[in-house]
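Asker: One structure, pasted below without further comment.
The values are calculated or read from the model by the stated rules, or taken from the named source; none is laboratory data. Keep in mind that what you see is a predicted model, and the values were worked out from it rather than measured. We place every Cβ from the backbone using ideal geometry, glycine too, and count neighbours over all the protein chains shown.
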Amino acid sequence: MGTASLSLNQNVPISLGNKKLQTGTVTFSNSYATNGDTLTFTTAAGFTQVDQVIASCTAGGYVVYADLSNNKVKAFEAGADGAALDEVANATDLSAQTFEVLIFGI
């Protein structure tokens with residue numbers, strides 16, 4: 001099972017009333033797991049609750065998605081069939097792929 005990592009871009013989150021905003025860079029694992037690499041944004045960002053994660057879509061041509069309910073980050077790529085995007089294959093080394101995130105929460 002792959003585990004992604006989060007590097008925060010600032011030491012203290014930006015305060016937005018009763019909410020916080022934090023930015024960071026996510027790096028995928030060297031063995032991507034089916035259904036996504038594990039990443040618990042609440043723990044990694046120091047939040048008690050994460051309401052939304054907005055992820056950039058330019059991780060080496062992959063489309064990325066933060067699945068908060070399952071504590072995962074997922075990577076998708078264009079398939080040869082021309083249909084909807086396919087999830088990256090299990091055990092793919094994505095450790096060179098990073099993407100930026102905006103994290104909103106408490």
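Listed here are the residues, each with its yes/no results for (1) on the phi > 0 side of the Ramachandran plot; (2) surrounded by 12 or more Cβ atoms within 10 Å (Cβ to Cβ); (3) modelled with pLDDT of 90 or more.
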{"site": "GLY2", "(1), (2), (3)": "no, yes, yes"}
{"site": "ASN18", "(1), (2), (3)": "no, no, yes"}
{"site": "THR48", "(1), (2), (3)": "no, no, yes"}
{"site": "VAL53", "(1), (2), (3)": "no, yes, yes"}
{"site": "SER56", "(1), (2), (3)": "no, yes, no"}
{"site": "VAL63", "(1), (2), (3)": "no, yes, yes"}
{"site": "ASP67", "(1), (2), (3)": "no, yes, yes"}
{"site": "GLY79", "(1), (2), (3)": "no, no, no"}
{"site": "GLU100", "(1), (2), (3)": "no, yes, yes"}
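Conditions tested, residue by residue: (1) in contact (Cβ under 8 Å) with a residue 60 or more places away in the chain; (2) in contact with an Asp or Glu (Cβ under 9 Å, 6 or more places away or on another chain); (3) not in a loop (DSSP other than H, G, I, E, B).
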residue	(1), (2), (3)
ASN11	no, no, no
THR25	yes, yes, yes
ASN30	yes, yes, no
THR43	no, no, yes
THR48	no, no, no
ASP51	no, no, yes
LYS74	no, yes, yes
ALA84	no, no, no
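Asker: Looking at (1) over 20 Å from ASN11 (Cβ atoms); (2) assigned to a strand (DSSP E or B), which is the only condition SER69 fails?
Answerer: Just one mismatch for SER69, condition (2).
Asker: ALA89 is checked against (1) outside any strand (DSSP E or B); (2) touching a Phe, Trp or Tyr at 6+ places or on another chain (Cβ under 6 Å); (3) not charged (D, E, K, R) and fails just one. What number does that condition carry?
Answerer: Among (1) outside any strand (DSSP E or B); (2) touching a Phe, Trp or Tyr at 6+ places or on another chain (Cβ under 6 Å); (3) not charged (D, E, K, R), the lone unmet condition for ALA89 is (2).
Asker: Only one residue in LEU6, LEU21 is in contact (Cβ under 8 Å) with a residue 12 or more places away in the chain, aliphatic (A, V, I, L, M), in contact with a helix residue (DSSP H, G or I) (Cβ under 6 Å, 6 or more places away or on another chain) and not in a loop (DSSP other than H, G, I, E, B). Which one? Explain how you work it out, then say what you get.
Answerer: On the way: LEU21 fails: in contact with a helix residue (DSSP H, G or I) (Cβ under 6 Å, 6 or more places away or on another chain).
Sole residue among the options that is in contact (Cβ under 8 Å) with a residue 12 or more places away in the chain, aliphatic (A, V, I, L, M), in contact with a helix residue (DSSP H, G or I) (Cβ under 6 Å, 6 or more places away or on another chain) and not in a loop (DSSP other than H, G, I, E, B): LEU6.
Asker: Could I ask something else about it? Exactly one condition in (1) over 20 Å from THR98 (Cβ atoms); (2) not in a strand (DSSP E or B) is false for SER15; which is it?
Answerer: Here SER15 meets the rest and fails (2).
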